[in-house]
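The values are calculated or read from the model by the stated rules, or taken from the named source; none is laboratory data. Everything numeric here is computed off the predicted structure, so don't read it as measured data. Reconstructed Cβ throughout: ideal geometry from the backbone, glycine too, with neighbour counts over all protein chains shown. Surface accessibility is based on the protein's heavy atoms, side chains included, excluding ligands, DNA and RNA. Shrake-Rupley method; radii C 1.70, N 1.55, O 1.52, S 1.80 Å.
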Amino acid sequence: MMIFDLVLLAKIFAISLSYVTMNTIRFMLTIKGYRILAPLLSMVEIVIYVLGLSMVMNSLDNPLNLAAYALGYGAGIAIGIKIEDLLALGYTMITVMTQDVDSPMPNLLRDFGYGVSCYRAHGRDGERLVLEILLTRKAERHLQNKVLEIDPKAFMVSYDPKYIHGGFWSKRVHLDKK
């Protein structure tokens, strides 16, 4: 007969949730190159992990404790991803391609404060104007909306740059990652 210790189940769930949420955020910080914040967060994360794991290991006779840990683990991943999305840490690079090689888009985007480099390229169906734009992830949706206002048929690709050197962004990028 299993005994339901709701307080213990809630503690196990909360600790697992906290640990995995921090683990997910720490992982994202590590990928983005936050060399001081990621290790500091990992120290708190491991303390919480050891506490939660010891609670589960000391009470393996009740499968509900393991289930509470697993539920907290899954919820922690979902919450960690959501928090990282809200924080929108780091930078993104967006490549925009438009069929209008004489498009006013580069200057309009510069008027909005974006740094834009552009060049002409040749695609399957002819010449294109290609724009390369580095921006904070927080501004990504705004830029996408502006591009689509200017050219609803524009092709866009975004990716996270791993290394940034030179240009007017370089100094700010390296200050942000400390």
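So the values come out like this:
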{"quantity": "Shape of segment 68-178, Cα gyration tensor, a/c cut at 1.5", "calculated": "prolate"}
{"quantity": "Gain in span if fully extended, ILE46 to PHE112, counting 0.36 nm per residue against the direct Cα distance", "calculated": "19.4 nm"}
{"quantity": "Three-way shape label, segment 27-117, alpha-carbon gyration tensor, a/c 1.5", "calculated": "prolate"}
{"quantity": "Relative contact order of segment 1-130, pairs being alpha-carbon contacts under 8 Å that are 6 or more residues apart, as %", "calculated": "29"}
{"quantity": "Shape category assigned to segment 40-86 from the gyration tensor of Cα positions, a/c cut at 1.5", "calculated": "oblate"}
{"quantity": "Gap separating the Cα centres of segment 84-137 and segment 23-55, nearest whole Å", "calculated": "35"}
{"quantity": "Mean ellipticity per residue at 222 nm, deg cm²/dmol - from DSSP H runs of n ≥ 4 across the chain, formula -39500 (n - 2.57)", "calculated": "-18500 deg cm²/dmol"}
{"quantity": "Share of carbon and sulfur in the accessible heavy-atom surface of the chain [1.4 Å probe, %]", "calculated": "64"}
{"quantity": "Rough spin-label spacing in nm, given labels placed 7 Å along Cα→Cβ, for LEU60 and HIS142", "calculated": "5.3"}
{"quantity": "Of the chymotrypsin sites (Phe, Trp or Tyr not before Pro) in segment 1-36, those whose Cβ has at most 11 other Cβ within 10 Å and which sit in DSSP loop", "calculated": "PHE4"}
{"quantity": "Loop trypsin sites (Lys or Arg not before Pro), segment 1-92 (other Cβ atoms within 10 Å of the site Cβ: 15 or fewer; DSSP)", "calculated": "ARG35"}
{"quantity": "Low-density loop cleavage sites - chymotrypsin sites (Phe, Trp or Tyr not before Pro) in segment 97-149, where at most 14 other Cβ are within 10 Å (DSSP)", "calculated": "PHE112"}
{"quantity": "Debye, to nearest 20: dipole size of segment 1-132, +1 on Lys, Arg Cβ, -1 on Asp, Glu Cβ", "calculated": "260"}
{"quantity": "Area of LEU71 that stays accessible when all protein chains are in place (1.4 Å probe, Å², to 10)", "calculated": "120"}
